[in-house]
1. So what is the accessible area of segment A:211-336 per residue, in Å², with the probe set to 1.4 Å?
2. Jot down the radius of gyration and Dmax of the protein assembly as shown, Cα atoms only, both in angstrom.
3. Which of A:71, A:149, A:132 ends up with the largest GNM mean-square fluctuation for chain A, with Cα atoms connected below 10 Å?
4. Pick out, in residue order, every one of the chymotrypsin sites (Phe, Trp or Tyr not before Pro) in segment A:259-339 that is DSSP loop and has at most 16 other C-beta atoms within 10 Å; say none if there are none.
5. Based on DSSP H runs of at least 4 residues, each adding -39500 (n - 2.57), what is the mean residue ellipticity at 222 nm of chain B after dividing by all its residues, to the nearest 500 deg cm²/dmol?
6. So if I take the centroid of the Cα atoms in segment A:240-276 and the same for segment B:49-91, what is the distance between those two points in Å?
7. Quick one: which residues, 5 or more positions from residue B:344 or on another chain, have an amide H under 5 Å from its amide H? H modelled 1.01 Å from N in the peptide plane, none for Pro or chain starts.
8. Let me know the Rg and Dmax you get for chain B when you use only its Cα atoms, in Å.
Amino acid sequence: MTTAVATRSLTGREAINEAIDQEMARDETVIMMGEDIVGGAGSPGEEDAWGGVLGVTKGLYGKHGDRLMDTPLSESAYIGAAIGAAACGMRPIAELMFIDFMGVCLDQIYNQAAKFRYMFGGKAETPVVIRTMVGAGLRAAAQHSQMLTPVFTHFPGLKVVCPSNAYELKGLLIESIRDNDPVIFCEHKSLYDVAAEVPEAPYSIPLGEANVVHEGNDATIVTYGAMVNTALDAAQTLAADGISTDVIDLRTLSPLDIDTVIESVEKTGRLVCVDEANPRCSIAADVSAQVSQEAFGSLKSGIRMVTAPHTPVPFSPVLEDAYIPSAGAIVDAVRATDS
Amino acid sequence: MVDQESSIVPIVMPKWGLSMTEGEIVEWMTSEGEEVDAGDDIVDVETDKIAGTAEAPAAGTIRRIVGEAGRSYPVGALLAVMADPSVDDSAIDRFVAEFVAPEPEEVGEEAAALYSLARVGEVNVRYSRVGEGPAVVLLHGFGGDLDNWLFNLDSLAESNEVVALDLPGHGQSSLAISDPSIDGLASFVWSFLDAIGVGTAALIGHSMGGAVAAHMTGRQPDRVSGLVLIAPAGLGAEINQSYIDGFVTARSKREMKAVAPLLFADDAHVGPKLIEGLLRYKRMDGVIPLLSGLRDVWFTGGTQHVDVVADLSVKPTAVIWGEQDQIIPADHASAADGIASVNVVTNAGHMVQMEQPREVNEIITGHLASL
């Protein structure tokens, strides 16, 4: 008995759901809490109605029951509860809708979770994952669209992950759940509906290892998250003009695989850092500084940054589209390194 | 006067294996106006599986280079035009303008339909089956998959029905091996062939798959018409243990980059996409313990624990080895002297069938024709 098979592809949303489902099945200490992740539980007849604000966890309550908990609209309470549960032997995943809301529970994250291992002499572990949406493009205005990855990358003791497609989302989330440190897992909203080839078997991608997704000799483009796809578009345009580029997907911002970036810059001599975050103290600024310190002698020209402007994310669709770094801006920056 | 149209030869994006839909031009190794011989390397191409080199389809002059370095083109797209120097530029222009490349989607759908799944006991086996004629079965090596035959499948399928499978625990077959011994794997492949209705076949095996193919021949000689062993295990004692152990434990890019080049004579074949492809397999839960278990049965302490020399004289056998094999030394081929045809291929390492496919395909085709 044989059947024909095609490649299996999943959207980003489905890939995250599958990662959580498989880890909850594998390890009973994995639990989930968040706002509306069960959706209407407690309201008769409304169980599993939502699965989180954009439906990522839909269906998981039916499979894993009360290991998924709807919480009150109080980030400071449930993020604190998740961190406490992690300190006591559970492996919680907390869904915090938008990274923009992280401000109300920041003490729990950067003063508590990030410090436990250090302040208890290495004897305490805090295996918590805080899943959160990042990025602009969904017409969600200034308080639901920010790319705050640099804020969390600043704190020692936190790991910060920002995947670029559905395959990466599944493998990096599974690794983050299994990791014994607190992880801020940043999901770009625009990837939820984009499909990629995703194996059904559970798999995990190590944290702290960048991925060279396009190879070339003339310039290095470094980025992460959804911008990886924009950078690949730019690389195609540049290739048509005979300019070949390395495109590096950092995958994780903390730890940061600066070695892969430096190796590439030693080959190409030109660097463009692309970041959807605001420019000041951004990942782009951080990578630029590290490369100029470690590989200045390899640089043939000044490093260029392509970032959002130093403004809030605009609500006007026209302005929001102009706010997000474009493939055209990346192409121009690469060309500018050769002028 | 040369016939203007008929002397024009298109050079198109090659199709290496079932799943290839497009390739990226890495570098041209020729230029417009240059004369080339048939088989000369003309362009480096990287696919999502491997970096390779396309060869000139005929002798002649490169008149026009259309494909740009750094860009991806679908299989069949026009990359360059060869023609006699006397052909007018206008005729070349017309040829380029009128050339119709196939739609990439069509190629993709065809590829998707060419993989099949068979159920053998509790194990799902992914395989592909192409061509018509006497059956040929391809068995990959330790840690490999059916894409190791990327450059061989189409050529062999011209006059054979070719079946290539992912062995259990490999590629996209189930991640389980109930019996990792040579006998267990040989029985498994026979059961798989029963399940898909292949009775008698020529067996072609690479490395560990070569030893399995030889053992299958010894066990059921009536079902085997002939044997081709490519850099096979089981003809001598030594094996590169640091490669085996490094491959088994590698989970990161750095670890994989330290061992993957040992598979080739020319490490230019090992691009980031090949490394990422290997890591996609290695990252799956259970692969590392599974390969460790397989390793412990087959290869430990720099020594192979299988010996298939006696199986080589059962059926007509050809042995092919890459001269610069860094995994299993090419001098193991001498164990086959006098009982099999022995072919040592230059400028090739352990993955000789990927590195020098034209020569390997010719040897295989010649051997199959003699059966």
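The values are calculated or read from the model by the stated rules, or taken from the named source; none is laboratory data. None of the values given here were measured: they were computed from a predicted structure. Methodologically, a virtual Cβ is constructed for each residue, glycine included, from the backbone with ideal geometry; neighbour enumeration extends over all protein chains shown. The protein model used for the area step is the full one, side chains on, heavy atoms only, and it has no ligands, DNA or RNA in it. Shrake-Rupley method; radii C 1.70, N 1.55, O 1.52, S 1.80 Å.
1. For segment A:211-336, the per-residue accessible area is 38 Å².
2. Cα-based Rg and Dmax for the protein assembly as shown come out at 27.7, 89 Å.
3. A:71
4. Answer by residue number: A:315.
5. It comes out at -8500 deg cm²/dmol, rounded to the nearest 500.
6. Value for the Cα centre distance between the two parts: 31 Å.
7. Counting only residues 5 or more places away or on other chains, the set is B:321.
8. When restricted to the Cα atoms of chain B, Rg and Dmax are 21.3, 68 Å.
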